[in-house]
Amino acid sequence: MQSDTAAVRGGEQLDVVNLAAYLGEPVSVEQFPGGHSNLTYLVKGAAREWVLRRAPIGTIAPKAHDMVREFRVLAAVHPHFPEAPKVFQLCEDPAVIGATFFLMERRHGFILRDAIPGELAASPAQISELFTDCLARLHAIPLIDGLEKIGKPEGFVERQVNGWAERWRRAQTRVVPEMDGVIKWLETNLSPSGAPAIVHNDYKLDNMMLGTNVITAVLDWEMTTIGDPLVDLGTTLSYWCWVNRPGVRTAGVPALTLEPGWYSRQQLIERYAAQTGRDVTNIAYYEVLGVFKLAVIVQQIYLRFHLGQTSDRRFEDFGERAAALVKLAASLT
């Protein structure tokens, strides 16, 4: 398998000396380069290794990139959902690397972005089924043993709309006239929620690690909460079928799901409904919400680049992509 790590990007280095002292042994550090938000590193010791997660450098929206919360969510979810990596240690002392971070186990597998590797020996239909069934399994976990404490389901969708609208206002670098209409539509067409469940909140193909006919990991749990699980399905659909439209394509979002053999939008919805028994009649509302949220996330990333807080050139056209996503959301209302 080709290495999934690379040399650490300029400006995102860790203090290896302090980290080694904290861990009690010499270490080397590489970076997982695929993400767009939190920074993720592979830390190698003499006989063991960890994955280190920390918030991005630069301006951070309130309550975003909360490493303490993500650590606690993973600690609660892992015993019930083995696809969630096991966490080992949380460090809130900024003297170590300059930011709060946590350490978790490393998982191995393929992350799909532009193609299915030949070594995977799986068809698009098989992967579509694994992907959908895994989401259904997450949403079926009973809210017990502390899981019920990781979110507040009452008023969840309304808070999602209001919270992401406020994040958009704070992250704006240009006027996108269609956004006011999208927010108003989401506010006035609020969908009644069914029974609450764990909501991953960023469930997409490249947050999943695959082995042979198995999902070896689901990654990126920072936004996980308890609420309406159709928010997850709407987010998934926004990545699966909508953001691959010309002008909207966002880096890191696989375009391959529109190629022959992958589940269609309707197949994905129907399989999820069959697995969960959930009423998906109003799924169109959640799709608009998903595209809206993605527009805000992309704009937040662009703001860091706009302010010179990251030199990662992948982000230089994210302002245009965020605007295109807003227009897409408006077209779906």
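We did not get these values from a lab; they are worked out from the coordinates using the rules stated. Quick caveat, the model's predicted, so the values are computed rather than measured. Because the Cβ atoms are built from the backbone with ideal geometry, glycine has one as well, and the counts that use them run over all protein chains shown.
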- [ ] Mind checking the full-extension length gain between Leu332 and Ala274? Use 0.36 nm per residue of separation minus the Cα-Cα distance, one decimal, nm.
- [x] 18.4 nm
- [ ] Quick one: which residues, 5+ away or cross-chain, put their amide H under 5 Å from the amide H of Leu210? H built at 1.01 Å from N.
- [x] Phe110, Ile111, Thr216
TODO: Once you have a ≥ b ≥ c as the square roots of the Cα gyration tensor eigenvalues for region 16-104, tell me rounded if a/c is under 1.5, and otherwise prolate or oblate according to whether a/b is larger than b/c.
DONE: oblate
Task: Rough spin-label spacing in nm, given labels placed 7 Å along Cα→Cβ, for Gln126 and Val214 - done: 1.4
Open item on the list: Could you check the spin-label model distance between Leu258 and Ala284? Points 7 Å from the Cα along Cα→Cβ, value in nm.
Closed with: 2.1
- [ ] Pull up all non-local amide H partners of Gln89: gap of 5 or more, or a different chain, and H-to-H distance under 5 Å with H placed in the peptide plane.
- [x] Leu103
Open item on the list: Under 16 Å between alpha carbons, and skipping anything fewer than 8 positions from Lys204 in its own chain: which lysines qualify?
Closed with: Lys293
TODO: Please report Leu332, Leu135 as a ranked list, fewest other C-beta atoms within 10 angstrom at the top and most at the bottom.
DONE: Leu332, Leu135
Open item on the list: Counting other beta carbons within 10 Å of each residue's own, what order do Phe315, Phe88 fall into, fewest first?
Closed with: Phe88, Phe315
TODO: Counting other Cβ atoms within 10 Å, keep those with at most 16, restrict to DSSP loop, and tell me which GluC sites (Glu not before Pro) in region 52-150 are left.
DONE: Glu92, Glu105
Open item on the list: I'd like the projected area of the chain, averaged over all directions, using the convex hull of its alpha carbons. Report it in nm² with one decimal.
Closed with: 16.3
- [ ] Neighbouring Cβ atoms within 10 Å as the yardstick, rank Asp93, Asp317 fewest first.
- [x] Asp93, Asp317
Task: For region 257-267, Karplus couplings with θ = phi - 60° (6.51, -1.76, 1.60), whole Hz, Gly/Pro x - done: 5, 9, 7, x, x, 6, 4, 6, 3, 5, 4
Task: Arg170 versus Glu12: modelled label distance in nm, points set 7 Å from Cα along the beta carbon direction - done: 2.2
- [ ] Would you calculate, for the chain, the mean residue ellipticity at 222 nm contributed by helices, counting each DSSP H stretch of 4 or more residues as -39,500 (n - 2.57) and dividing by all residues, to the nearest 500?
- [x] -12000 deg cm²/dmol
- [ ] Mind ranking 154-164, 221-231 by how tightly packed they are, going by the mean number of other C-beta atoms within 10 angstrom, highest first?
- [x] 221-231, 154-164
TODO: Could you work out how far helix 156-171 tilts from the main Cα principal axis of the chain, as a 0 to 90 degree angle to the nearest 10?
DONE: 70
